Amino acid sequence: MHVQKPRSVRDVFEQSFLLHRRRFRFLIGTAVAILFPYYIASTYVRTHFLLTDDQADQIVQDMEKKGDVWSVLSTAVSVRTEVWMLVLSAVFLLLVLPILYGMIAQMSSKFLQHGQETTIADAGNAAFRRLLPNMATLFLAIVVYLVLAVCYMELLSLVTYYLGAALGALATVIAILGTLAFIVGVVLYFIRFSFLPAIVVVEGLSFFRAMARSWRLTKFRSGQLLGFYVMLVIVCFVAQVFMTLIGDMFFQSAGTQLLIAAIIGMLVMPFALTCMSTMFVELQSRDRNPMR
């Protein structure tokens with residue numbers, strides 16, 4: 001029996017582009033239904049409660065004069081601003097992203113595995129039915145990350161503190177290497193659990209079972225997934241910069257630029273999630289067929 005070889009990162013991107021083109025109306029409709037209301041609310045909050053461009057420029061100038069970043073930020077950024085920034089981040093991470101990612105993952109799974117075209121309503125129903133488990137699973141993953149990060153940094157600080165007197169400059173080297181190792185760990189953690197929203201919606205798992213499933217799907221594939229995400233970031237960054245430059249050439253007012261930024265986000269983010277969903281389907285296929 002002929003066994004199809006695993007798809008490369010290039011193959012996954014090619015399939016993602018084809019899927020994006022075939023299901024473009026679905027993706028735009030999903031973005032309008034889910035992302036657009038968030039962008040409206042986010043724009044209102046940013047213009048009424050967060051820092052203006054003039055205030056941000058003044059903060060940068062104060063940083064350059066004083067040379068103390070944290071003291072300037074602590075005095076310039078109010079508690080209200082910090083709370084609203086936290087609220088916006090939480091709403092996006094725990095509400096908007098699970099719904100949007102879940103809908104696109106459901107569509108991609110049905111289309112790539114069974115050749116079925118899922119409607120926005122059906123994908124939305126699937127994502128909303130699993131919304132609470134999705135939110136709880138993402139929250140659990142964040143808590144686990146924070147616990148691991150705090151424990152690691154505390155251990156690193158203790159090691160460098162007690163070795164500082166004995167090793168001198170070598171302790172500084174150990175601290176730098178430990179910090180670099182922490183950054184690598186953050187990247188690996190994201191890679192290993194980046195498919196959680198898709199797993200919760202498509203496979204019906206949640207909490208530690210979903211995390212274990214994500215760990216299994218990405219096992220021994222961290223290198224390829226790192227290359228995949230690096231390429232995805234580059235493609236999305238180039239596309240966003242290009243569209244932003246085009247928008248700035250024709251629209252100069254602040255309100256119009258906010259609208260252009262929202263439109264760009266509604267184009268770029270569904271494409272990125274389509275690529276991630278396509279990779280998720282590929283990982284599922286490899287797990288079902290270990291010979292691939």
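The values are calculated or read from the model by the stated rules, or taken from the named source; none is laboratory data. Everything numeric here is computed off the predicted structure, so don't read it as measured data. Here the Cβ positions follow ideal geometry from the backbone for every residue, glycine too, while neighbour counts run over all protein chains shown. Heavy atoms of the whole protein, side chains included, go into the accessibility calculation; ligands, DNA and RNA do not. Shrake-Rupley method; radii C 1.70, N 1.55, O 1.52, S 1.80 Å.
Taking the condition at pLDDT below 95, touching a Leu at 6+ places or on another chain (Cβ under 9 Å) and assigned to a helix (DSSP H, G or I), does MET249 pass?
It is false that MET249 is at pLDDT below 95, touching a Leu at 6+ places or on another chain (Cβ under 9 Å) and assigned to a helix (DSSP H, G or I).
Out of the stretch 203-242, which residues are among the hydroxyl-bearing types (Ser, Thr, Tyr) and modelled with pLDDT of 90 or more? Working first, answer last.
At the first step, the residues of the stretch 203-242 found to be among the hydroxyl-bearing types (Ser, Thr, Tyr) are 206, 214, 218, 222, 229.
The answer is SER214, THR218, TYR229.
Any residue at all in the stretch 165-188 that is within 21 Å of ILE99 (Cα to Cα) and β-branched (Val, Ile, Thr)? Even if it seems obvious, please write down each step before you answer.
The first filter runs over the stretch 165-188 and keeps only residues within 21 Å of ILE99 (Cα to Cα), leaving none.
For the stretch 165-188, residues within 21 Å of ILE99 (Cα to Cα) and β-branched (Val, Ile, Thr): absent.
Evaluate the stretch 104-115: report whether one residue or more is within 30 Å of ARG46 (Cα to Cα), of a type outside the set (S, T, N, Q) and open to solvent by 70 Å² or more (accessible area, probe 1.4 Å).
no
Go through the stretch 84-103 residue by residue and tally those that are surrounded by 12 or more Cβ atoms within 10 Å (Cβ to Cβ) and under 14 Å from the mean Cα position of the chain (by Cα).
Total satisfying the criteria: 13.
May I ask you to list pairs of residues, at least six apart or on different chains, whose Cβ atoms are under 6 Å apart, with the first in the stretch 171-192 being over 15 Å from VAL159 (Cα atoms) and the second being aromatic (Phe, Trp, Tyr)?
Note: pairs meeting the criteria are TYR189/TYR145; ARG192/TRP215.
Looking only at the stretch 252-292, which residues are closer than 26 Å to VAL96 by Cβ, surrounded by 13 or more Cβ atoms within 10 Å (Cβ to Cβ) and modelled with pLDDT under 70?
THR256, GLN257, LEU258, listed by residue number.
Of all residues in the stretch 206-245, which are open to solvent by 30 Å² or more (accessible area, probe 1.4 Å) and of a type in the set (A, V, I, L, M)?
ALA212, LEU226, VAL230, MET231, VAL233, ILE234, VAL235, VAL238, ALA239, VAL241, MET243, LEU245
Just the residues that are under 17 Å from ALA181 (Cβ atoms), under 19 Å from the mean Cα position of the chain (by Cα) and open to solvent by less than 30 Å² (accessible area, probe 1.4 Å), please, taken from the stretch 130-163.
Within the stretch 130-163, just ALA149 meets the criteria.
Considering the stretch 80-135 alone, what residues qualify as being acidic (Asp, Glu) and not in a helix (DSSP H, G or I)? Before you say what the answer is, go through the steps one by one.
Restricting attention to the stretch 80-135, the residues satisfying the condition of being acidic (Asp, Glu) are 82, 117, 122.
Scanning the stretch 80-135 gives a single hit, GLU117.
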